[in-house]
Every structure is written in C-alpha cells, then in structure tokens.
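Laboratory data are not the source of any read-out in this text; all were calculated from the coordinates shown. As the structure is a computational prediction, the values presented were derived from the model and not from experiment. Every residue, glycine among them, receives a Cβ derived from its backbone with ideal geometry; neighbour counts consider all protein chains shown.
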Amino acid sequence: YYNSSTQLYLNGEFVPAKDASTDLYSQSLHYGYAVFEGIRAYNTHNGTRIFKAKRHYERLKRSCELVHIPFEWDIDELVRQTYKLLELNNLKDAYIRPLVYCNPNMTLSEPSSVNIMICAWEWSAYLGSKQVRVCISSYQRPNPKSTPMEAKVSGHYVNSILATTEAKSRGYDEAVLLDQHEFVAEAPGANIFIEKSGKLYTPSLGHILPGITRATVLQLCKSLDIECIEKQITARDLKQADAAFLCGTAVEIIGMKSIDETTFPLKWSDSLGATLQRTYKCLVLEKQNYEVFI
Ligand code: PMP
C-alpha cells in the first residue's frame with residue numbers, strides 16, 4: 001500500500017507514510033471507534049477525477065455525527081487536499097481511504113482529540129472482473145438498534161472480516177449477510193441487487209450502508225428506464241432470482257455467478273447488471289453523458 005516515498009495527508013499536512021504513526025492508547029485502536037471512507041479516482045479523458053468525492057466526504061461527516069465524533073473539517077478543502085495527495089503520489093487511478101480516528105483516550109466517553117488521515121494507493125477492482133460465487137453467511141449484520149449501520153464505522157468491519165473469512169474458508173469468493181430479521185442485507189463491503197422477470201430489486205435503507213454506488217445504480221436505472229424496487233428481500237427471493245450483482249466503490253459492479261449451490265439461470269451478459277456495469281464504467285470514466293448523473 002505504500003513505499004518509502006509515499007505521502008499521506010495527516011491533520012492538514014502531507015507527511016511520509018513510513019514516518020506517520022499513531023498513539024497506542026488510541027480509543028479507535030482499542031474500541032474500533034473510528035469512521036472511514038472508500039473513494040475511487042479514475043484516469044479519465046478529463047484528467048484524474050475522483051468519483052463523487054463530495055458525496056463521500058459528506059457521508060464521512062454524517063458517519064461521525066451518528067457516532068458523536070466531532071467533524072470540524074471543510075468538505076471542499078478535503079476534496080482539494082485529496083486531489084493534491086494524488087498528485088504528490090503520482091496516482092491517476094487510485095483507491096482513496098480517509099480515516100477519522102480518536103487519540104488517546106482509554107475511556108468509553110467522548111473522544112479527547114480527533115484526527116483525519118487520508119491515504120491512497122493503486123487498487124484494481126476488489127473482487128476482480130469475473131462473476132463471483134457467493135454464499136449466505138452464518139453471520140448476520142449487526143442489529144441497527146445496537147449501532148448505526150448506516151455509518152461507516154471501523155468497528156463494524158469486524159463483522160465484515162468474519163463473514164469474508166468464513167466465505168473463503170468454505171471455498172466461496174464472497175459472502176452475503178442477512179439482517180436480524182433474516183432479510184438480505186449486504187455483502188461485507190458492497191450492496192446487492194437482484195434481477196427477477198426484467199426488474200431489479202435491492203434491500204431498502206435502514207439496516208445497510210447507504211452505498212454511493214447503490215445510489216448511482218438507482219440513478220442509472222432511472223435514466224435507462226430500468227425498473228428498480230427498494231424492498232425487503234428474503235434469502236428465498238435471492239435464490240430464485242434470474243441474476244444478481246454486488247456494487248460498491250471497491251468492487252464497482254460485479255456479477256454473481258451463484259448463491260450457495262444455486263447458479264443464477266440468466267447469462268450475465270444478458271442481464272440488466274451487465275448493462276449497468278458497462279454504463280457505470282462510462283460514467284466513472286466520464287465517457288458519455290456523464291454530467292447527467294453527477
Ligand atoms: N456496504 C458495505 C458494508 C460497505 O463497506 C460498502 C463499501 N463502502 C458498501 C456497502 C458500498 O458502499 P459504496 O458504494 O459507497 O462504496
């Protein structure tokens with residue numbers, strides 16, 4: 001992720017990544033009390049462009065608010081500094097990781113000092129480009145009454161790591177987690193859509209991360225005249241779907257080949273997901289009519 005010349009942004013300054021460190025008495029390290037973002041920059045015809053940068057920093061701010069971490073930075077300034085970070089590191093296509101963390105405090109009360117760091121590295125599509133074999137995880141997503149699941153909180157990702165590790169150990173590429181009522185929620189780091197009889201369905205908000213890619217897919221559906229319904233989806237709905245896909249900043253749009261032992265009957269290239277995958281690529285690369293969506 002970094003080498004001897006990599007710079008990262010830390011509380012208003014650029015510093016060599018190899019010299020940056022954190023306090024071992026950090027509330028974030030001990031309790032997972034931090035929030036973060038995952039953003040992508042693309043090398044487009046118009047130069048390096050960070051896709052929906054402002055939206056991501058707005059979600060970072062919202063995540064902080066939901067868990068009472070003070071957020072005192074200017075969003076436009078963070079976007080400017082992120083472009084500068086890419087320039088300093090000579091990155092054109094990049095994954096960008098802002099992290100807001102608290103240092104030092106061993107109590108369970110409000111943070112004593114809050115920091116922001118932003119780093120970036122080259123990262124190809126997180127799950128590759130081939131359709132993925134997915135299993136339903138034995139882990140559920142945490143109950144939104146115990147922690148705000150719409151915030152991108154570091155501690156929530158213990159659940160994601162457990163689900164991913166389990167899926168891989170069972171020979172699958174990825175997991176899908178159900179919520180506490182056994183409805184389909186999301187993948188460890190992506191949202192999910194299913195296709196049935198020419199329509200798309202995706203779990204409604206409330207117990208999942210409000211994905212920026214998910215919102216983009218909904219916008220694309222509108223402009224492509226694809227009907228997409230947000231509703232509760234059961235594991236049975238998922239298994240009886242014609243096709244399905246995952247979407248997120250890191251994975252972009254990736255088709256699902258199967259769920260548990262059930263292979264989806266529709267050929268990926270004939271699915272609505274494949275159309276959306278192509279359109280999404282055009283959008284992030286600013287290839288055609290992209291202004292409509294940003
Ligand atoms: N759900 C979870 C749990 C995630 O970690 C992510 C990745 N941030 C997503 C959904 C997709 O969100 P986005 O499209 O904003 O990357």
Using θ = phi - 60° and Karplus 6.51 cos²θ - 1.76 cosθ + 1.60, couplings along the stretch 236-243 (whole Hz; Gly, Pro as x): 5, 4, 4, 5, 9, 5, 7, 7
Contact order normalised by residue count of the stretch 126-237, Cα under 8 Å, 6+ apart, percent: 26
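So what is the relative contact order for the chain, in percent, with contacts set as C-alpha pairs under 8 Å and at least six apart?
Details: 584 pairs, mean separation 52.4, N = 294.
So the answer I get is 18 percent.
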Förster radius 25 Å - calculated FRET efficiency between His68 and Ala250 (Cβ-Cβ, nearest 0.05): 0.40
Spin-label proximity, Thr234 to the stretch 169-192 - amide N less than 18 Å from point 7 Å beyond Cα toward beta carbon: 177-186
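How much of the calculated P(r) for the stretch 102-142 lies past 12 Å, in percent of all Cα pairs?
78
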Karplus (6.51, -1.76, 1.60) ³J(HN,Hα), θ = phi - 60°, over the stretch 210-215, in Hz, Gly and Pro reported as x: x, x, 6, 5, 4, 5
Taking Tyr83, Tyr139 and counting other C-beta atoms within 10 Å, the order from fewest to most: Tyr83, Tyr139
For the chain, the Rg and Dmax computed from alpha carbons only, in angstrom: 19.2, 55
Exposed-site-free run, longest, the chain (rule: trypsin sites (Lys or Arg not before Pro); DSSP loop; at most 16 other C-beta within 10 Å): 1-91
Ascending count of other beta-carbon atoms within 10 Å, so fewest first, for Met149, Met117, Met106: Met106, Met117, Met149
Residues of type lysines that Lys168 reaches as a straight line, Cα spacing below 28 Å, ignoring anything fewer than 8 places off in the same chain: Lys130, Lys152, Lys196, Lys239, Lys257, Lys267, Lys281
Label-point gap, in nm, between Thr44 and Ser169 - each point 7 angstrom along Cα→Cβ: 4.3
Cα-based helix-to-principal-axis angle, 272-284 vs the chain, degrees rounded to 10: 30
Relative contact order (%) - the stretch 7-121, alpha-carbon pairs under 8 angstrom, separation at least six: 38
Top of Ser160, Ser26, Ser197 by mean-square fluctuation, Gaussian network on the chain, Cα under 10 Å: Ser197
Residue exposure sequence - Leu24, Leu86, Leu224, Leu8 - by fewest surrounding Cβ within 10 Å: Leu24, Leu224, Leu86, Leu8
Gyration tensor verdict on the stretch 7-121 (Cα atoms; rounded if a/c is under 1.5, prolate if a/b is larger than b/c, oblate otherwise): prolate
